[in-house]
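Let me begin by presenting the structure, written as structure tokens, before commenting on it.
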Amino acid sequence: MSDRTVLLKLLGVSLLWGGNYVASAYLLRDFSPILLSFTRLVVMSLFLLSVAAVNRSMRWPTTREWVLLLFAGIFGTLFNQLFYFTGLKLSTAGNAALIIALSPIATTLLSRLFLKEEVTAQKWLGALVALVGVVCIVLYGGKALGISKGDLFLLLAMLGMSISLLFIRKLTSGMTSYEVTIYSTLIGTILMSPAVGFEALQGQMHWSHHLWTWVLLVSVAVIGQGLAGFWWNQGIAVAGASTSAMFMNIPPFIAIIVSFFVLGDPIRTAQVGGGVLILAGVAIANMRRRQTPRVQTKDAVGLS
């Protein structure tokens, strides 16, 4: 595969992930948040199981790995998806993309707190810059001045994803990211079943009666999450982590632009300014010397 083809795939993944935020916000007009989240996870799980059945490359986890997978599924799938779709319902696709972009910074700080990993002055500076960006978005990026409830849910979704990455780091020492993705997604999907039942009992469940919206939902799950995740991992393997990392700056601004044209969401100065600060903070925190190149990769499930 040529370098040009790989770069085009990475660009395509960035565009898909940016569009995912807008597609999810659009689907929330016809679906209740928990039902949408659960349905998308079910479709994603079926897709991943189909891939696993074709490849026949899965192995059965050890008892310790099952425990880690359980926590990865709870935080990375159950909590992340519940808070993400609930927050997106009350916020905007642009804000969601920008807040989720803070995940690498949050993971670094959580690693310092729980795993006792060293955090350099450079990482603290990056975290501070990114935090200022989040404050700008949360306080000034909504319809009115003040803290948006939706943005707070999105922050919790981002935190859930970041916590799950701590468990994924331990899991990938003995399992492939492909195996971790499939098992943690299945666990999270199963754990979300009671939440769907509760939404139904509360009389808050509703869904679309139009075929094309269901087609959009399936397309987002299979193409926007499943295939895009595999293309991303392929791009990292061929082009390298540092080259691939540059494309992670694209999705938030794609989400802002597309949501302006598709959903009619205004582009606010606080969003643009806060987004620049967040991405600048992530870039500062992840600048590494050439001899120790390393970057956080994104799983097929990771993007909300």
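Scanning segment 74-96 turns up one or more residues that are touching a Gly at 6+ places or on another chain (Cβ under 6 Å), more than 19 Å from Leu36 (Cα to Cα) and surrounded by 23 or more Cβ atoms within 10 Å (Cβ to Cβ).
Residue check, Gln234 against (1) over 17 Å from Leu11 (Cα atoms); (2) surrounded by fewer than 17 Cβ atoms within 10 Å (Cβ to Cβ); (3) of a type in the set (S, T, N, Q), all met but one. Which one? Among (1) over 17 Å from Leu11 (Cα atoms); (2) surrounded by fewer than 17 Cβ atoms within 10 Å (Cβ to Cβ); (3) of a type in the set (S, T, N, Q), the lone unmet condition for Gln234 is (1). The set of residues in segment 49-65 being assigned to a helix (DSSP H, G or I), under 16 Å from Met175 (Cα atoms) and either acidic (Asp, Glu) or in contact with a helix residue (DSSP H, G or I) (Cβ under 8 Å, 6 or more places away or on another chain) (or both) consists of Ala52, Glu65.
Going by the conditions given, is Tyr183 over 27 Å from Phe253 (Cα atoms), crowded, with 20+ Cβ neighbours inside 10 Å, modelled with pLDDT of 85 or more and of a type outside the set (A, V, I, L, M, F, W, C)? So Tyr183 fits the description; yes. For segment 192-207, which positions are touching a residue at least 60 places away in the same chain (Cβ under 8 Å) and either crowded, with 16+ Cβ neighbours inside 10 Å or more than 21 Å from Ser45 (Cβ to Cβ) (or both)? Hits for segment 192-207 are Met192, Ala195, Val196, Glu199, Gln204, Met205, His206. Quick one: Phe75 ticks every box in (1) closer than 20 Å to Ser193 by Cβ; (2) outside any helix (DSSP H, G or I) except a single one, so which number is it? Phe75 satisfies every listed condition except (2).
Exactly one residue out of Leu227, Leu216, Leu201 is at pLDDT 95 or above, out of contact with any Gly (no Cβ under 8 Å at 6 or more places or on another chain), more than 21 Å from Ala101 (Cβ to Cβ) and not aromatic (Phe, Trp, Tyr): that is Leu216.
For segment 93-127, filtering for residues that are in contact (Cβ under 8 Å) with a residue 12 or more places away in the chain, in a helix (DSSP H, G or I) and under 22 Å from the mean Cα position of the chain (by Cα) leaves 21.
Within segment 139-156, if we keep just the residues that are crowded, with 22+ Cβ neighbours inside 10 Å and farther than 11 Å from Leu102 by Cβ, the residue that is modelled with the highest pLDDT turns out to be Phe153.
The values are calculated or read from the model by the stated rules, or taken from the named source; none is laboratory data. For clarity, every value in this text was computed on a predicted model and none was experimentally measured. All Cβ positions, glycine included, derive from the backbone under ideal geometry; neighbour counts span all protein chains shown.
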